[in-house]
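What follows is a single structure, written as structure tokens, with notes after it.
Read-outs throughout are calculated quantities, based only on the coordinates presented, and are distinct from any laboratory measurement. Predicted model, so just to flag it, every value in this text is computed and none were measured. Because the Cβ atoms are built from the backbone with ideal geometry, glycine has one as well, and the counts that use them run over all protein chains shown.
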Amino acid sequence: MRLHRSLLTAAAVSGLLLVTACGSADPAGDGTSGGLNPPPLKAPTALGSPEGQVNLIAWAGYVEDGSNDPKVDWVSGFEKQTGCQVNAKTAATSDEMVALMKTGAYDAVSASGDASLRLIASGDAAPVNTALVPHYADVFAGLKNQEWNSVKGVAYGIPHGRGANLLMYDTAKVTPAPDSWSAVFDGASAHSGKVTAYDSPIYIADAALYLSATKPELGIKNPYALDKKQFDASVALLKAQNEHVGEYWSDYLKEISAFKSGDSAIGTSWQVIANLAKAEGAKVEAVLPKEGATGWSDTWMVSAKAKHPTCAYKWLDWIVSPKANAQVAEYFGEAPANARSCAETAAKDHCATFHASDEEYWKKVRFWTTPIEQCLDGRTDVRCVPYASWVQAWNEIKG
């Protein structure tokens, strides 16, 4: 099992477009989300002959051909079946993915929700005809037509998988077992110097999510749609937390090491990190707090300038097919997108561990979505704080 996800660095902030709004946003996710007026691009109505290759941008661990581990290979079968040679570029950040897609040299990308709206708004990602992706029919309903992968009922990609940002704690040092994010915010002083937090501007949404439950007077409905007052309150909370943070992490290996050594006692984590930490002897547990959590849902998107569109579509269908989707979900450590993948995992409890089919669980998770000036919660009487300002504030929070 391997993963690497270091998101939303301050570089390439110019990649974010402050797009114009039209209509109302739909945080419930029925695919009618306003907030964006994408360029009038059209999805293909049919596929041609495979072009012989496909150029992909992906997170590490998403496109494995056996070169890293001979036992981990879902690319070779694709190449043999389709005749499309896979050329993959591993990206370390969402900003890097956005920049690479703008070059027009790549056919598809595994974009997280903090990048997908940028790609849609700029016209770098084209609408996707899901009818040309047969395995899309088996994707969990909770991943379809969401505000990070669709606009006004038009799909812009195929869901890959999903995961939640959980609260992990050292069971020997943190008692009683926490059930609230207050343990790392208002109550952070109890573990001062041993609190850990995710190193990314998108972590501001975690503070906003907590404030939406504890300070309802702020009126926060969507942690990615914050007006100036809501944003300032979230930033203030994180600046107060900073006094007690021992380490901000983006490398999962460093977080595991910190919990094993005792340098960290409580903070944001992922289920796969908790599993690996336990396997290495750390006395930790991870919980979805009562306020809910933020999380990620990645989407395979096709470039509007794709030179190999047929091979790109064939890849989208392959990576969401039951066996391949099961393989990548287990290797990376996430819930698969295809419901039929749960019968294909090597570890028969994988889907139960990662809550793959538990839609009530996922209703408590607010997936990363690009903050833009047009409020994603539907408000039209105020401007929300865009992503570029989140980056600037994050640098201030960390000092």
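By its C-alpha gyration tensor, with a ≥ b ≥ c as the square roots of the eigenvalues, how is the chain shaped: rounded for a/c under 1.5, else prolate for a/b larger than b/c, else oblate? Oblate shape, in that a/c is at least 1.5 and b/c is the bigger or equal ratio. Using Cβ point charges alone (K and R +1, D and E -1), the dipole size of the chain about the Cα centre works out to roughly 360 debye. The alpha carbon centroids of the stretch 53-115 and the stretch 152-218 are separated by 29 Å. In loop segments of the stretch 36-109 as defined by DSSP, the trypsin sites (Lys or Arg not before Pro) with at most 12 further C-beta atoms inside 10 Å of their C-beta are K42, K71.
Ranked highest first by the average count of other Cβ atoms within 10 Å around their residues, in what order do 279-286, 257-264 fall?
257-264, 279-286
List nothing, just return the count: lysine pairs in the stretch 132-273, 8 or more apart or interchain, with Cα separation under 28 Å. Summing the qualifying lysine pairs gives 21. Shape class for the stretch 137-282, computed from the alpha carbon gyration tensor (a ≥ b ≥ c): oblate, with a/c not under 1.5 and a/b at or below b/c. Calculate the dipole size of the stretch 29-166 relative to its Cα centre from +1 charges on Lys and Arg beta carbons and -1 charges on Asp and Glu beta carbons; express the result in debye to the nearest 20. My answer is approximately 320 debye.
In the chain, the DSSP-assigned H stretches of four residues or longer account for a calculated mean residue ellipticity at 222 nm of -8000 deg cm²/dmol, using -39500 (n - 2.57) per stretch and the full residue count as denominator.
May I have the count of lysine pairs in the stretch 290-393 with C-alpha atoms under 25 Å apart, counting pairs 8 or more residues apart or located on different chains?
Count of close lysine pairs: 7.
Here the simple spin-label model places points 7 Å from the Cα toward Cβ, and for D179 and A343 these points are separated by 3.7 nm. Restricting the calculation to alpha carbons of the stretch 261-357 gives Rg and Dmax of 16.7, 51 angstrom. D by Stokes-Einstein for the stretch 350-393, Kirkwood Rh over Cα pairs, 25 °C, 0.890 mPa s: 189 µm²/s.
Multiply the residue separation of E359 and L41 by 0.36 nm, subtract the distance between their alpha-carbon atoms, and state the gained length in nm to one decimal.
Working: separation 318, 0.36 × 318 = 114.48 nm, distance 3.20 nm.
Full extension from E359 to L41 adds 111.3 nm.
For the stretch 163-209, the square roots of the Cα gyration tensor eigenvalues, ordered a ≥ b ≥ c, give a/c of at least 1.5 with a/b greater than b/c, which places it in the prolate category.
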